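Participant: If you scroll down you'll find the structure; I have some questions about it.
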Number of protein chains: 2
Amino acid sequence: MATPSISHRLAEAAVALFDENGYDETTVDDIAARAGVSRSTFFRYYRSKDDAVFPDHDTLLAAVDARLRASTAGTAIAAVTDAVRIVLTHYVEDADVSLRRYRLVGRVPALRAREIASVARYQRLFREFIGTWMAGTPDADLRAELMSASVVAAHNQVLRGWLRAGGAHDPFGPLDHALRYVIATFQYAEQPKDQIVVAAFPSSASPQAVMEAVRLHLTGGERR
Amino acid sequence: MATPSISHRLAEAAVALFDENGYDETTVDDIAARAGVSRSTFFRYYRSKDDAVFPDHDTLLAAVDARLRASTAGTAIAAVTDAVRIVLTHYVEDADVSLRRYRLVGRVPALRAREIASVARYQRLFREFIGTWMAGTPDADLRAELMSASVVAAHNQVLRGWLRAGGAHDPFGPLDHALRYVIATFQYAEQPKDQIVVAAFPSSASPQAVMEAVRLHLTGGERR
DNA sequence: CGTTCTGATGAAACTCGGTATCATCTTAGG
DNA sequence: CCTAAGATGATACCGAGTTTCATCAGAACG
């Protein structure tokens, strides 16, 4: 704690200066000076000025990718849910940093563009995963595109709500709710819409027998 | 035709040079020189270097906004469909420009980021429209977010497919298909998923009476 | 016809982000 | 003690974008 890493000092200096004087008004020299290093060193730790605001997106992206790749057939839903939770957890863990960044990004168009671009990278991971998961079913590409867009949108909606509320309430309840909604929506869509299902039972069948048949049908395909 | 506008000359010079020598390797001076004007003039017509590649996003955005605002209650679905079609039409109309830009954007990360950011602006329009449309229903914000993301994703999926195919086939069929899918998906979702509906008829009911009851139920709420 | 005003263009200087290069310093290891 | 390697600083450079001023063409007006 005596001497925090240069990377940390730079990031803190950057955010502090952006807060105080605005993003465009802050030069890389200013940041480096406050962190007590040279301009050269700044660019050794961050590729660009805005990188100092979004430090660990690559790590996070890798974690999401890893979680998705760790999924085996039949556990796709859990993989998606877990992966999204990983991202949200990351934000919640340093709530104060997330909040400062949120306020900052809201004011600086350049940073907003940067953030939107990084969101697209997450969506790409989900799209590829869901795409291979759905491969073979009708409209697989389209549905993968839509579902991945929805998954990411759901996460962002919950995250923004949490950030707007100042990080007060627990966001994982809403996240689960939103994800359940997404999954239910796109799962239902897996069966063609205009198919008509007629269930017929012999009028002699006992209620128990009917119930058992229904239960078997409902639990047949899915493990849980 | 004798003297095309400076704006046109600049855009053509830019795209041509980007194609020939690459984006980073082309300076604004090069573009201006080929267009026969000065560097100053370039920046009078385009705010930035990449602006020359995305000239009319603002106009298009305004057209989408206008179409959405022109909608009255009950015609929301048509408004969304029309608005998306406006965008796709714009791309299809100058197919060659769209194709060159597509290839260019695919190779240059800076341009890709720029494009992704502009997509977010479209989504925002749709989100706000769908949000007010759904206002009052449960989970309106979440569903507006998801549906707008899906609408935009559907458009982009169709557009990319059309571009990858070199602008060969007609894309409006696939677009309608995709949009119908989106609308059906999120319309169904309006009724809660886990509600269990049990229909019961007296065993004495004639088939005709049952059919009539079903027909009334199906056509009751919707005009068509 | 000449003057004047306006709008468009060009020229030049400047800031700053980002890259490349070289010198200097520190420090581990022999 | 010496050396090699890695981290840092200093400097120069390129190019995007902004600002300011000069110039020039043409329209309006007397």
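Participant: Could you grab the relative contact order for segment A:6-51? Cα pairs under 8 Å, six or more apart, rounded to a whole percent.
Facilitator: Result for segment A:6-51 is 36 percent.
Participant: Now, a different point. If you take each beta carbon of peptide A:138-151 and count the beta carbons of other chains within 10 angstrom, what is the mean? Present the calculation step by step, with values, prior to reporting the outcome.
Facilitator: Working: counts 0, 3, 0, 3, 11, 4, 2, 8, 14, 4, 2, 11, 9, 2.
Rounded to a whole number, the mean comes out at 5.
Participant: Buried accessible area between A and B (1.4 Å probe, both chains summed, ligands and nucleic acids excluded), in Å² to the nearest 100?
Facilitator: Between A and B, the summed buried area is about 2300 Å².
Participant: Right, something else. Averaged across B:113-123, how many Cβ atoms of other chains sit within 10 Å of each residue's Cβ atom?
Facilitator: What the average comes to for B:113-123 is 4.
Participant: Quantify how much of the Cα-Cα distance distribution of segment B:6-51 extends past 12 Å, in percent.
Facilitator: Details: 533 of 1035 pairs.
Looking at segment B:6-51, the distances longer than 12 Å represent 51 percent of pairs.
Participant: Within 14 Å, Cβ to Cβ, of A:LEU10, how many net charges do the neighbouring residues add up to if Lys/Arg are +1 and Asp/Glu are -1?
Facilitator: Charge balance near A:LEU10 sits at 0.
Participant: Based on Cβ point charges of +1 for Lys and Arg and -1 for Asp and Glu, what charge dipole magnitude is obtained for segment B:6-51 about its Cα centre, in debye rounded to the nearest 20?
Facilitator: Using Cβ point charges on Lys, Arg, Asp and Glu, segment B:6-51 gives about 360 debye.
Participant: Calculate the FRET efficiency for B:SER40 and B:VAL97 from the Cβ-Cβ distance with a Förster distance of 25 Å, rounded to the nearest 0.05.
Facilitator: The formula returns an efficiency of 0.45 here.
Participant: I'd like the accessible area for B:ILE77: 1.4 Å probe, protein heavy atoms, all chains in place, Å² to the nearest 10.
Facilitator: Result for B:ILE77: roughly 60 Å² accessible.
Participant: I would also like to ask the following. Roughly how many Å² of B:ASP82 are accessible to a 1.4 Å probe, to the nearest 10?
Facilitator: Looks like 50 Å² after rounding.
Participant: On to the next question. So how much accessible area does B:ARG107 have, in Å² to the nearest 10, using a 1.4 Å probe?
Facilitator: Accessible area, nearest 10 Å²: 140 Å².
Participant: I want the local charge near B:LEU146. Using Cβ-Cβ distances under 11 Å, sum +1 for each Lys or Arg and -1 for each Asp or Glu among the other residues.
Facilitator: Values: positive: B:ARG127, B:ARG143; negative: B:ASP139, B:ASP141, B:GLU145.
With Lys, Arg at +1 and Asp, Glu at -1, the neighbours total -1.
Participant: Which value in nm describes the separation of the simple spin-label points at B:ASP19 and A:ASP170, placed 7 Å from the Cα toward the beta carbon?
Facilitator: Result: 5.8 nm between the two label points.
Participant: If you average 1/r over every pair of different alpha-carbon atoms in segment A:54-188 and take one over that average, what Kirkwood value in Å do you get?
Facilitator: 15.4 Å
The values are calculated or read from the model by the stated rules, or taken from the named source; none is laboratory data. This is a predicted model, so every value here is computed, not measured. Cβ atoms come from the backbone with ideal geometry, glycine included; neighbour counts cover every protein chain shown. These accessible areas exclude ligands, DNA and RNA; they are computed on the full protein's heavy atoms, side chains included. Shrake-Rupley method; radii C 1.70, N 1.55, O 1.52, S 1.80 Å.
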